[in-house]
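Step one of this worksheet: look at the structure below.
The values are calculated or read from the model by the stated rules, or taken from the named source; none is laboratory data. Treat the numbers as computed from the prediction; the structure is a model and nothing was measured. So basically every Cβ, Gly included, is an ideal-geometry build from the backbone, and we count neighbours across all protein chains shown. For the accessible areas, the whole protein counts, side chains as well, though only heavy atoms, and no ligand, DNA or RNA atoms are used. Shrake-Rupley method; radii C 1.70, N 1.55, O 1.52, S 1.80 Å.
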Amino acid sequence: MKIFSSYHLLAALGALAVAGTAGAVDTSQWKCESCPYPKGTTGSIDVGAAAVSDASQKFGDYTGLQRRGGYLLLGGSASRRGDDGYYADLAASDLGLDVRRIAGEAGREGLYSLRIGYAEIPRHRTDGAATPFLGVGGDTLTLPAGYPAPNTAGMPLAATLQPIDLSSRYKRLDLGATVLAGQEWSYRIGLRRDTRDGTRPTAGSFFSTAAQLPAPLDQTTDQLEVSASYATRRIQATLGYQLSTFRNDAESLTWANPFTPVFPGSTRGQLALAPDNRFQQVIGTGGYDIAPTIRISGDFAVGRMTQDAAYLAPTLNAALAPSVPALPVQSLGGRVDTFAGGVKLTAAPLDGLRLLASYARDRRDNRTPIQSYPSVATDMFLEPLARSNTPFNFTQDRYKVAADYRGPGTWRFNAAVEQDNRNRTYQEVVNTRETTVWGKAAVRARDDLEISLKLAHGSRDNSAYGTSVWFGYAENPLLRKFYLADRQRDSAAARAEYTLSEKVAISVSADWARDDYTHSQVGLRSARSLNIGADLSYAISERTQLHAFAQADRINSEQAGSESFAAPDWAAHSKDRFDVFGLGIKHVAIVDKLDIGGDVVLSKARSDIAVDNGAAAPPFPTATTRLDGLKVYATYKLKERLSLTGSFAWERYESQDWRLDGVLPGTVPNLLSLGAQPANYSLSVLRVALRYRF
């Protein structure tokens, strides 16, 4: 990189001054080469093709490249700027794929703007799924001849299994407008529609038998947001309204029992899917500068959630139905009122010192009527005791006091005390209180070295721990749920950034955390995590830059359990490891003509679970996932406005999961599974496209 001294600048200015005295300069033909808002129309168009060497549902998840073969690459952008302040922008990408996106905005500077956007994202959930059920994608699943059977070994799976694609497509349409009314007021309106359609896996059971099922997805979420904002030098405020409605056109799933019924009449089952619901809220924010060094701000949101979808029948078993009492109501009549709000005060009483105090409350008030419902166990028998719905409520109060001090020298200090109090209903613990204290110090030890260290300690205690009685089943009185139990948490984070030279910079980091649940006899007892990372940037020359990074994560936890419903008699230890390494390089092969580059990423995850119950049992197999990728790319300028772009990418994904490996539809006698296996693939993608700029 060339650096020009101030003498060159003074000489240039002097030359211009002399030219100005000699005579007027004609600037009518001068052209601004670096103006941020050029007038007229500019843009680019990308047209090309891509080829994928192999098919993989996993690789196609979120990418739209799940099948083998060719794809159309189409995209581009356009911008229009007028002398009168009117403007328009349009951008599109991946129009030939299932991940296509389009976004546009137009308006007049300082007066209004209009926005529109559209996007699609595919989801591919499994590889190798198969089922004998007929009617996949609908709300009723039937079975071919040969069913039911006593177990999966007696089912004609070889003749009736059909491969299925458990995938869905997510679509989003956005519309919006902003109007500026003078210097102080602005108004916004936004509309959004999200749709999801396809299939996803679920499961249903009849007492001791179960089946994995393809459930339909046909959901629509509509959102509306309107707001008005007011802003001056000292006051800023916004008031808005939000409405969200969710509609599910697939309200339930009915399926035929593939197993011989244990109880007469239990030949069909029915599951309720996500019910229609609505949420609306009024939101507001505000801020006021009390003085140049003192500011107060706050926000609130008052909302209401409602759900009144009709109930399904308690049972489809015609032999059982006469003994089942009628439902007390035909729908839930669900209503939950929500409130979230807070206030924050900041002040700078001294030069270099900044203080902060804040309070926030989050409240959920479930006003759903409590009813007593008959309880039918898997369409087989009526339980002796009725069940009541449980309207969970909670209130969370958070307090924070913090200070930020700069000095002396290059030192910077941060410290804070945070308090988190939560009150719950229908939980084993009514109140939890957690206090966290943390401090951070950073210093530029030398011109080329900056280091920082952060330490934190948190302590959570609770009111008396009880046992739940509202679910109809007993719990071990020694059990402590990890989010309710007493906990001691310690953490530390260190950072260092070292600039070896103008060309080389290195940063390293380490994060450590420890959670101890000392009063939990049954449940999670402890958890540890360690993260170490490093980053390297190297400017080999003005035309070549290299970047590399590495990261390692270790997570260990210990859990105690009880088979005897008393004191702990077994323990589980889990160890998770994640390692990632990446390397990238960019090179200008021919100045203003050819740019090339490449990236390599290697990653591996490993999970080990060991259970100690006093018996000589082998440990669970290790679950592993490995993802390696290589990409090289280039851009070649054919003409002033025409460029050729291309890339070649290779990716390998390998996974082993004992929970899925070899579990085919007929592997487990009392489970008719979908037989989905962990993904494993190795494939490459070649892309070539022309880019024309105008």
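Data for the structure
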quantity: Number of positions in region 443-452 that are assigned to a strand (DSSP E or B) and either free of Cβ contacts under 8 Å to residues at least 40 places away in the same chain or surrounded by fewer than 15 Cβ atoms within 10 Å (Cβ to Cβ) (or both); calculated: 5
quantity: Residue within region 490-507 that is surrounded by 15 or more Cβ atoms within 10 Å (Cβ to Cβ), on the phi > 0 side of the Ramachandran plot and part of a strand (DSSP E or B) present; calculated: no
quantity: Residue within region 175-183 that is farther than 25 Å from D222 by Cα and either open to solvent by less than 40 Å² (accessible area, probe 1.4 Å) or part of a helix (DSSP H, G or I) (or both) present; calculated: no
quantity: Neighbours by Cβ (under 9 Å, 6+ apart or cross-chain): first from region 392-408, more than 19 Å from T436 (Cβ to Cβ); second open to solvent by 40 Å² or more (accessible area, probe 1.4 Å) and β-branched (V, I, T); calculated: F392/T425; N393/T425; F394/T425
quantity: Of all residues in region 426-441 being crowded, with 17+ Cβ neighbours inside 10 Å and not polar (S, T, N, Q), the one that is farthest from G409 (Cα to Cα); calculated: E428
quantity: Lone unmet requirement of (1) among the hydroxyl-bearing types (S, T, Y); (2) closer than 30 Å to Y636 by Cβ; (3) open to solvent by less than 50 Å² (accessible area, probe 1.4 Å) for Y87; calculated: (2)
quantity: Of residues in region 224-234 being in a strand (DSSP E or B) and open to solvent by less than 70 Å² (accessible area, probe 1.4 Å), the one nearest to A310 (Cα to Cα); calculated: L224
quantity: Which numbered condition G110 fails, given (1) in a strand (DSSP E or B); (2) more than 29 Å from E251 (Cα to Cα); (3) open to solvent by 40 Å² or more (accessible area, probe 1.4 Å); calculated: (1)
quantity: Whichever residue in region 358-402 is open to solvent by 30 Å² or more (accessible area, probe 1.4 Å) and touching a Gly at 6+ places or on another chain (Cβ under 7 Å) and, among such residues, is farthest from R424 (Cα to Cα); calculated: L385
quantity: Tally, over region 113-141, of residues that are open to solvent by 50 Å² or more (accessible area, probe 1.4 Å) and touching a Phe, Trp or Tyr at 6+ places or on another chain (Cβ under 7 Å); calculated: 1
quantity: Identity of the residue in region 192-207, over 21 Å from the mean Cα position of the chain (by Cα) and either at pLDDT below 95 or crowded, with 17+ Cβ neighbours inside 10 Å (or both), that ends up nearest to A129 (Cα to Cα); calculated: G204
quantity: Scan of region 459-489 for residues that are of a type outside the set (A, V, I, L, M, F, W, C), over 30 Å from D535 (Cα atoms) and either open to solvent by 70 Å² or more (accessible area, probe 1.4 Å) or assigned to a strand (DSSP E or B) (or both), ordered by number; calculated: S459, R460, D461, N462, Y473, P477, R480, Y483, R487, Q488
quantity: Residues (under 30 Å from E640 (Cβ atoms), small (G, A, S) and surrounded by fewer than 15 Cβ atoms within 10 Å (Cβ to Cβ)) located in region 563-610; calculated: A589
quantity: Every residue from region 456-511 that is among the β-branched types (V, I, T) and over 30 Å from S564 (Cβ atoms); calculated: T499, V504, I506, V508
quantity: Flag if T315 is in contact with a helix residue (DSSP H, G or I) (Cβ under 7 Å, 6 or more places away or on another chain), farther than 19 Å from F339 by Cβ and in contact (Cβ under 8 Å) with a residue 60 or more places away in the chain; calculated: yes
quantity: Total residues in region 295-323, condition under 30 Å from G284 (Cα atoms) and among the polar types (S, T, N, Q); calculated: 3
